[in-house]
């Protein structure tokens, strides 16, 4: 890879993701892509495919084979274009990791199983892509399986996901008879010969498929004409409709997310992969087709459009970290300017200046040193200490690619290593995970001395515990999951607190008066309205510090406090006895005094739950949700299936998957993501108080 | 109190009805308009008014997914409450939600027996028992009389009343009494019929059946920017 090639060639780059439902063949397809692009030289099968924990399957597979199929960004070449395949997390819990991968992609392949069709997880994956406006093409895989019905899946794409899905191919034979595909643009049949389907044989369309192909092509051209005046004109004036015209129109429709071209085949049987790669080149966007925004930190967080023109200051996002043999590898995508060996860049999060050492790019099996990463390209930096999601910029620029807002964890779990070796490995794993994912946090509990991990959901933590076991061979036992409750106040209350201590030595004196009141959207606001120096200016910061300290453990239940505004408007000091410490203590006393008068309540995380179930179990599922203090927002019937949307407290959702499975003969699926914090009902609050009292007693005895 | 103030703003009160419960048990009301004029918006206003009075509302949509229906409620509620304190609004919104249940069906997959099955499910498990049902997108075609009669029986048995949206079409001629075509054969089943009529830039709200005796209150408009009912004093 030379730099001359890297420059001015962003139109020959595709940064894509492969999004898929578990068990729809993501690993197999990725593997075939790497094989056909000559990145790997032999095809192996995915082992132990049981549909459970497929994410882990692929990681295990990587280990066994020593290649990085699912590494953060794998580079390959096709038709003189460079394709970066970016790993999109396989689990469906909403985490920052998903958001970040989707930011780095310019386009995606949505894989669907021709038998299973669109299922609830495909819906989640699709929603995420829509949220980030990622243009995509669809690949209906497993057309060799019994029950394969690609056109039913296309209908589901339209009905369930609302895509303007248009077939680009029709299959030649189906199930065991799958022989190839008919390309509706070139109107030729493509067969895949050779041991691994590497030799394409292009022939005329078989007679029995000709009329269907003509009909489908007409539909395709019709749909494409919506996006091109040239094509519409050619059709109306009955001129020749060229392949280029059709491709250009479909590309236009795809880039604007108004059309989803659908391809089909069987990755496992090596059918349909090469035309799909052609489509990645022809239909998915290159970096300059996509508008990328950064946030200007100097200018009230106004969004700024980044430009890939040369000469602009560098802006890059670290989207994934990998612990390699020689230290930390930080994958970055450069959005503006370039980053070269020897450059000085700034990490926007902490303002630290960094000297760029080695700049590399990943191939499936090895890495290659390069000089520069240009805008639109993906590469990696070696030996740079950063967290995933950090933005790097040229000195003097203050733009960030990600918003600073990181949701607080809602669930925690204690983990205990079984031996010394596990303890060391666990520490390594925890340090890496918390760097990778800001929603995953870890700390040691002061009271119990246990290591606690926190995250956004049961599954979120399960995935990390599993990774700890598999990737770091850390044997750990986990405790019961605990919900991250919060406290807040519900009304305004005044305080007037004097802290006075005169028991020998230097005395302490400070009086703080004012009020606290509820505030929405922020955790804490402090306002100083003291006039006339009643509290000397040098002690105001100490007051704020004292109030802030009180927010960590609420006086009601010792849960973290949120949504409080503190206003101080009066006070008193003593010329000798007042000190920073005295005012901090006074502020803590004042907080407690005001807080208990301000009707404090406990808040709990409420999750958005979506269950997809066959209609016959609808009543049973609604009953299950109802028993769990769930509020059912609604039910949506879609043929034989029904989707229930509900909100339920996280504390009631532990073990829901097992109960759901047993009540629906394993036919229902559910997804859950954090929604908001809400006040717990009185009865539950009392229960929590009782539990806390019991625990305290146990500690005392 | 915010709740009370909002109840006072309810559209039916503007229409001059003495009480909001203008429909008896098993009674039918309908909102008629051409596509895109604001049927759903008015329906959601009526529903919100019932929610504010702590009545259990079942909203059935035969076109839109649950998310879209929820969004309608949020939008109309936001418009209704935009001049009030955010914290109070959020609390009120949370208090309303348990009284609302949304069901969506494909038009072809919807039938009265199916709805009855769902309702029995909900009632038996004590999950939800509607006091008023709003149904958006019910197909008023030639064969509508039978399902509507069944619906009426269901409504009587379960002690609720029903509001429908009815889509009218430009080319369909109304009956001699001005009743729009889709309701011509079934108007006897309805107690109240309200039509939204765009005239120039304004949308007029007209009561075609079951209106109050006092005709002073009939000059109402739907504000096209918020889709909320406004009392047009100029016209009154």
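Readers should treat all values here as calculations from the given coordinates under stated rules, not as data from a laboratory. Keep in mind that this is a model prediction, so the values were computed, not measured. Reconstructed Cβ throughout: ideal geometry from the backbone, glycine too, with neighbour counts over all protein chains shown.
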The orientation-averaged projected area of the Cα convex hull of region A:491-598, in nm², is 6.5
Mean separation of Cα contacts under 8 Å (6+ apart) over length of region A:293-400, as relative contact order %: 33
Chain A: relative contact order in percent, alpha carbon pairs under 8 Å with at least 6 residues between: 10
Could you pull the Rg and Dmax for chain A, using just the Cα atoms, both in Å? 29.3, 105
Here the whole-number average of other chain Cβ atoms within 10 Å per Cβ of A:640-651 is 1
Counting helices only, and only those DSSP H runs with n ≥ 4, report the 222 nm mean residue ellipticity of chain B as the sum of -39,500 (n - 2.57) divided by its residues, in deg cm²/dmol to the nearest 500. -10000 deg cm²/dmol
So what's the back-of-envelope 222 nm ellipticity for chain A, counting only DSSP H runs of four-plus at -39500 (n - 2.57) apiece and dividing by all residues, rounded to 500? -9500 deg cm²/dmol
Peptide B:112-118: average number of partner chain Cβ atoms within 10 Å per residue? 2
Tally the DSSP beta bridges in the protein assembly as shown and give the antiparallel ones as a percent, rounded to 5. 70
How high is the relative contact order of chain B, given as a whole-number percent (alpha carbon pairs under 8 Å, six or more residues apart)? 30
Working out 0.36 nm times the residue gap between residue B:177 and residue B:4, then minus their Cα-Cα distance, what length gain in nm do you get to one decimal? 58.5 nm
Rank the residues A:254, A:478, A:37, A:658 as a footprinting-exposure proxy: fewest other Cβ atoms within 10 Å of their Cβ go first. A:658, A:478, A:37, A:254
How large is the translational diffusion coefficient of region A:604-683 in µm² per second when you combine the Kirkwood radius over alpha carbon pairs with Stokes-Einstein at 10 °C and 1.306 mPa s? 126
When a footprinting reagent is the concern and you count Cβ atoms within 10 Å, what order do B:102, A:205 take, fewest first? A:205, B:102
Can you tell me the FRET efficiency between residue B:142 and residue B:88 if r is taken as the Cβ-Cβ distance and R0 is 56 Å, rounded to the nearest 0.05? 0.70
How far apart, in nm, are two points set 7 Å out from the Cα along the Cα-to-Cβ line at residue A:304 and at residue A:240? 5.0
Given R₀ = 41 Å, what would the calculated FRET efficiency be for residue A:466 paired with residue A:77, taking r from the Cβ atoms and rounding to 0.05? 0.75
Mean other chain Cβ within 10 Å across A:617-629 is 3
Using only Cα atoms, locate the centre of region A:203-242 and the centre of region A:328-394, then give the distance between them in Å, rounded to an integer. 46
